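The values are calculated or read from the model by the stated rules, or taken from the named source; none is laboratory data. Just so it is clear, the structure is predicted and the values come from calculations on it, not from any experiment. Virtual Cβ from ideal backbone geometry, glycine too; neighbours counted across all protein chains shown. When the accessible area is computed, the model is the full protein with side chains, heavy atoms only, and any ligands, DNA or RNA have been set aside. Shrake-Rupley method; radii C 1.70, N 1.55, O 1.52, S 1.80 Å.
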Amino acid sequence: MRNWIFLAVLLCGCMGWVHAQGNSKGALILVSSEGDVRFLARDGSQAPAVEAGMVVPSSQTIETGRTGRVVGLLSNGTLLTLTENTRMKVATFEQAPFVDDGRKLAELNGEPSVSKVVIDLDMGSLVVKTKKLSKGSAFDINSPVGVAGIRGTEFQMASRPGQGVQLDVTESTVAFTPPGGQTMPVTQGNGLSVSPSGVATPRSVNPVVATKIESTNQAATEATQDVSLGEVAIAVEKSAQESESGSEDSEGDTPA
């Protein structure tokens, strides 16, 4: 039995075999949420809750409280798990059109099409598992003390106010660049501690965090193992439609 389904998306009237045609915008799909979770609009006000299986509007920030936890799926196959006291927004997500060939997303070794992702991690902890990125793809996570560039990996990035960033990599490589500094590759089995002032100190991966990364990503993988490319394509289409609708609304609010 599937751990979660796209019923809310499927009921939008987009049934059957689907192409992501003509779209250049990717989608963040909510897999699950529990505990204290809030969705914030651009102005910081609380937005309506997003249900499992639905697309998180690109304008919204996800914020978890002391008991909060969120699992999300990007349409390029990346799994994101937000733990407690985390605030994150997908700032940029562009993705080339792809074809639903009947396979499940879990059957793909790499992402279904070229993509560009920028995530703003204001605070908290983000556990990530990506597909192998295509040539020409880019995936960056911004934090207050630097940017992590990803090429296809499993890792945790934690940012705490006044404490800097802790980066732990359990698979592949993450390239971390502090403000005005040189890029530092963090390879499998290694970590990086970055002070609030941006000073980066290499270290071994935290074994407790490594175990957490493995168990967290395993749970997220199991929850999404039956998701098909067709369902992902539907979510991309819905994301594009919501983006177009939002643009039209903004234009309508502009004074003459």
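The residue pairs whose first member lies in region 41-58 and is touching a residue at least 24 places away in the same chain (Cβ under 8 Å), whose second member is among the β-branched types (Val, Ile, Thr) and assigned to a loop (DSSP other than H, G, I, E, B), and whose beta carbons are closer than 7 Å, counting only pairs six or more residues apart or on different chains, are Gly53/Ile5; Val56/Val50.
Taking the criterion of being farther than 16 Å from Gln156 by Cβ and among the aliphatic types (A, V, I, L, M), the residues of region 176-199 that qualify are Met184, Val199.
On the basis of being surrounded by fewer than 16 Cβ atoms within 10 Å (Cβ to Cβ), free of Cβ contacts under 8 Å to residues at least 60 places away in the same chain, farther than 17 Å from Gly77 by Cα and not acidic (Asp, Glu), does Pro144 make the cut? Quick ask: steps written out before the conclusion?
Values: surrounded by fewer than 16 Cβ atoms within 10 Å (Cβ to Cβ): no; free of Cβ contacts under 8 Å to residues at least 60 places away in the same chain: yes; farther than 17 Å from Gly77 by Cα: yes; not acidic (Asp, Glu): yes.
Spelling it out, it is not the case that Pro144 is surrounded by fewer than 16 Cβ atoms within 10 Å (Cβ to Cβ), free of Cβ contacts under 8 Å to residues at least 60 places away in the same chain, farther than 17 Å from Gly77 by Cα and not acidic (Asp, Glu).
Take the conditions (1) touching a Ser or Thr at 6+ places or on another chain (Cβ under 9 Å); (2) without any contact (Cβ under 8 Å) to a residue 24 or more places away in the chain; Thr81 misses just one of them, which is (2).
Of all the residues in region 41-62, those that are under 16 Å from the mean Cα position of the chain (by Cα) and open to solvent by 30 Å² or more (accessible area, probe 1.4 Å) number 5. For residues that are out of contact with any Phe, Trp or Tyr (no Cβ under 9 Å at 6 or more places or on another chain) and at pLDDT 95 or above, scanning just region 174-187, find the one that is farthest from Lys131 (Cα to Cα). Ranking the candidates gives Thr177 first.
Being surrounded by fewer than 18 Cβ atoms within 10 Å (Cβ to Cβ) and touching a residue at least 60 places away in the same chain (Cβ under 8 Å) is not true of Glu154. Selection of region 110-156 for residues being over 16 Å from Pro179 (Cβ atoms) and acidic (Asp, Glu) yields Glu111, Glu154. Evaluate region 106-113: report whether one residue or more is charged (D, E, K, R) and either touching a Lys or Arg at 6+ places or on another chain (Cβ under 9 Å) or buried (at least 18 other Cβ atoms within 10 Å of the Cβ) (or both). Yes, because at least one residue in region 106-113 is charged (D, E, K, R) and either touching a Lys or Arg at 6+ places or on another chain (Cβ under 9 Å) or buried (at least 18 other Cβ atoms within 10 Å of the Cβ) (or both). Here Gly191 clears all of (1) open to solvent by less than 10 Å² (accessible area, probe 1.4 Å); (2) of a type outside the set (Lys, Arg); (3) without any contact (Cβ under 8 Å) to a residue 40 or more places away in the chain; (4) closer than 22 Å to Leu229 by Cβ except the condition numbered (4). Note on region 108-142: residues that are of a type in the set (S, T, N, Q), farther than 22 Å from Thr216 by Cβ and not in a strand (DSSP E or B) amount to 3. Evaluating Arg38 against the criteria (1) at negative phi; (2) open to solvent by 50 Å² or more (accessible area, probe 1.4 Å); (3) in a loop (DSSP other than H, G, I, E, B); (4) in contact (Cβ under 8 Å) with a residue 12 or more places away in the chain leaves one unmet condition, (3). Scoring Lys89 on the criteria (1) more than 17 Å from Ser239 (Cα to Cα); (2) open to solvent by less than 70 Å² (accessible area, probe 1.4 Å); (3) among the charged types (D, E, K, R) leaves a single failure, condition (1). If you go through region 86-101 and pick out every residue that is touching a residue at least 40 places away in the same chain (Cβ under 8 Å) and either hydrophobic (A, V, I, L, M, F, W, C) or part of a loop (DSSP other than H, G, I, E, B) (or both), you end up with 10.
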